[in-house]
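See structure below.
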Amino acid sequence: MTIALLDYGAGNVRSIRNAVRKLGFSFTEISSAEDILTADKVLFPGVGSFGLVMAELRKRGYVEPLRQRILAGKPFLGICVALQVLYAGSEESPGVAGLGIFPGQVQRFATGEMAVPQIGWNGVKLLQSSSLFNGYQQEKLYFVHSYFAPLTETPDDWQLAYTDYGCKFVSAVAKGAVAAFQFHPEKSGAAGLNILGNYLQDKEEIVLSSKDSATSSTKIAKRIIACLDVRSNDAGDLVVTKGDQYVVRAEGEVRNLGKPVALARRYYEEGADEITFLNITGFRSFPLQDQPMIDLLAECSKEVFVPLTIGGGIRAFVDSMGRSYSALDVAAAYFRAGADKISIGSDAVDAVEEFLRSGKKSGSSSIEQISAVYGAQAVVISVDPRRVYVDSAEATPHTTIKTIYPGPNGEEYCWYQCTVKGGREGRDLDVIQFVVACEQLGAGEILLNCIDRDGTGSGFELELIAQVKAVVSIPVIASSGAGSAAHFVELFTRTEADAGLAAGIFHRREVEIDNVKKAARAAGVEVR
Ligand code: 1PR
């Protein structure tokens, strides 16, 4: 049996390749229209915008063969945007015709109550039974998208499953042996691998029966993220380290808390919803010569089937031979190696300063470039703010809060200053100006650290998190200060944070991820 992969080189399809291999199947690459017609099974992990996908299909002459294959009901599985292009068109790329298998337009989520993009684990409700979902136990699956196919009032017979995110949308379609998912089975842990395995194994056509109604609802989970700060120690080995307020040396030595791939695998098995690697010395070296980080990702994505984010050193640079690389080149290398999202730190601060100075977008910043090619959902901004105390709100032009933790001289107000280079350098920029500008430039998510809390185990900086959540509509990951499961409960019950990230307590095994989830669940917080 030939499983043919439709990959036009636009993003991270390494994960789907790894997932197929992990399930014991091999695949061939589609390189001609003929391959589309003759393959036993086609697997199409759509990457990029609706318009980009259609342009790539058109350029390669794949539109008609795909339509032919799909209309004939021959085995086909599309993922994410590959579900959306089955429709007639999309608000994402007005005027671009889709494959038109299904009528209707793909729409954008309205901003408001829910963060956009939807990034995270949500449920799916089956409208029909399908062999694709054999063994499915109602687990949550991983979604990352800003656009969706609306569920029609009376579901059509090809609408297989739906999900709620402010509205009900179609999360799976199936017709004959043709299917497509809005979620990513290759990023949805064991539940996703099971579904993907069902497609790969199915010898029969996908069996559909017994219509259900679309009355119950699903809920997105708050994500629990394990973060691995990675750097070389003095012996030159890449290790996971952890600082106290960003100081990672203890008694002169870089703290060594384990090997990155082994730790990531452990967190995956223990139920982490996502794993983040931060190369904390990325600002010093030439990022693309940082081969170990690329190898690390490639290794990790063979075994870890939840989303992987990589940060540190995502910026333009000139190497020792005088060759220039753009931030997009650096990001592309990480996506090819298996990253789902990249995280920009210092370079985002420079980009925002330039944006605020000029009053217009340049189109050439790392945020804009990477977002335009890979989509906003692939661009995380990691910000390292630090408290600056003032006596009154009028004492500074920056946006302050009246804090419940007064400063060393009894100051009742503070603002959060953006820093670069791992907190070594402060800028005249507050976190509010910064995150608002990042969203405007095309960022899809904020990783909100706080140097004052980092490594202290004293709980998340709730005042900061609430202040940031109030001004952006993209998801916010709260980071720094987690010391117990109760701190996550406090985070999710007292702020609207979309995810909580921790490092030290997980590395030192002081708190298990599972215990965080149990505590959250007991407090009525939705988790996976
Ligand atoms: O500036 O684009 O090269 O990115 C550098 C990245 O490395 C940034 O994301 C920055 O936050 C991070 N970074 C730089 N120096 C350090 C350091 O520790 N010396 N780590 C550093 C930041 C913050 C979190 C940490 C949480 C949770 N680490 O990732 O894991 O605070 O910790 P906790 O749960 O133990 O409190 P660029």
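In nm, give the distance between the simple-model label positions of Ser320 and Leu23, each being 7 Å from the Cα along the Cα-to-Cβ direction.
The two pseudo-label positions are separated by 4.4 nm.
Cut-off 18 Å, label point 7 angstrom out along Cα-to-Cβ of Ser473: give me the residues of the range 84-123 whose amide nitrogen falls inside.
Flagged as within label range: 91-94, 106-120.
Could you state the accessible area per residue of the chain in Å², with a 1.4 Å probe and every protein chain left in place?
Heavy-atom SASA per residue in the chain reads 38 Å².
Taking the alpha-carbon set of the chain, what are its Rg and Dmax in Å?
23.0, 75
Kindly state, to the nearest 0.05, the FRET efficiency for Asn256 paired with Asp428, given R0 = 41 Å and r defined as their beta-carbon distance.
Result of the calculation: an efficiency of 0.70.
If you line up the long axis of helix 260-269 against the longest principal axis of the chain, both from Cα atoms, how many degrees apart are they, to the nearest 10?
60 degrees
What FRET efficiency comes out for the pair Asn134/Cys167, r = Cβ-Cβ distance, R0 = 22 Å, nearest 0.05?
Computed FRET efficiency for Asn134 and Cys167 comes out at 0.15.
What number in nm² do you get for the range 1-51 if you take the convex hull of its Cα atoms and divide its surface by four?
Mean shadow area of the hull around the Cα atoms is 3.8 nm².
Counting just the Cα atoms, what span does the range 245-378 cover along each of its three principal axes? Round to the nearest Å and put the largest first.
On the principal axes, the range 245-378 reaches 46, 36, 32 Å in Cα extent.
By how many degrees, 0 to 90 and rounded to 10, does the Cα axis of helix 485-494 deviate from the longest principal axis of the chain?
Approximately 80 degrees, to the nearest 10.
Provide, as a two-decimal number, the C-alpha radius of gyration of the range 37-149 over 2.2 N^0.38 Å, N being how many residues it has.
For the range 37-149, the normalised Cα radius of gyration is 1.14.
If the limit is 30 Å between Cα atoms, which of Lys361/Lys517; Lys125/Lys222; Lys402/Lys518 go over it?
Cα-Cα > 30 Å for Lys361/Lys517; Lys402/Lys518; rest within.
Would you work out the Kirkwood radius for the range 346-482? I mean one over the mean of 1/r across all pairs of different Cα atoms, in Å.
That comes to 15.3 Å for the range 346-482.
Using Cα centres only, tell me the gap between the range 444-501 and the range 1-77 in whole Å.
39 Å
Check Gly483: other-chain or 5+ apart residues with amide H under 5 Å from its amide H, H built from backbone geometry?
HN-HN under 5 Å from Gly483: Gly459.
Counting pairwise Cα distances across the range 323-403, what percent come out greater than 14 angstrom?
The share of Cα pairs beyond 14 Å in the range 323-403 comes to 69 percent.
Would you mind getting me the FRET efficiency between Asp156 and Lys219? Use the beta-carbon distance for r and R0 = 22 Å, nearest 0.05.
The computed FRET efficiency comes out at 0.35.
Measure out, as a whole number of angstrom, how far apart the alpha-carbon centroids of the range 267-331 and the range 122-183 sit.
About 33 Å separates the Cα centre of the range 267-331 from the one of the range 122-183.
List the GluC sites (Glu not before Pro) in the range 1-102 that DSSP assigns to loop (not H, G, I, E or B) and whose Cβ has at most 11 other Cβ atoms within 10 Å. Which are they?
Of the GluC sites (Glu not before Pro), not one in the loops of the range 1-102 has a Cβ with at most 11 other Cβ atoms within 10 Å.
Helix 513-522 against the longest principal axis of the chain: what's the angle in degrees, Cα atoms only, rounded to the nearest 10?
Value to nearest ten degrees: 80.
Under 26 Å from the Cα of Lys22, which lysines turn up, not counting those fewer than eight places away in the same chain?
Lys41, Lys74, Lys140, Lys187, Lys203, Lys259, Lys302, Lys341
Calculate the spin-label point distance for Arg521 paired with Ser364, positioning each point 7 Å from the Cα along the beta-carbon direction, and give it in nanometres.
So the two model labels end up 5.3 nm from each other.
I want the local charge near Pro45. Using Cβ-Cβ distances under 13 Å, sum +1 for each Lys or Arg and -1 for each Asp or Glu among the other residues. Write out the running numbers ahead of the final one.
Working: positive: Arg14, Arg17, Lys187; negative: Asp7, Glu29, Glu56, Glu186, Asp340.
Cβ neighbours under 13 Å give a net charge of -2.
What part of the accessible area of the range 1-160, given as a whole %, is carbon or sulfur when the probe is 1.4 angstrom?
Carbon and sulfur together cover 49 percent of it.
The values are calculated or read from the model by the stated rules, or taken from the named source; none is laboratory data. Model, not experiment: these values are computed from the prediction. Neighbour counts are summed over all protein chains in view; Cβ atoms, including those assigned to glycine, are modelled from backbone coordinates with ideal geometry. Note: accessible area is taken over every heavy atom of the protein model, side chains too, but ligands, DNA and RNA are not part of it. Shrake-Rupley method; radii C 1.70, N 1.55, O 1.52, S 1.80 Å.
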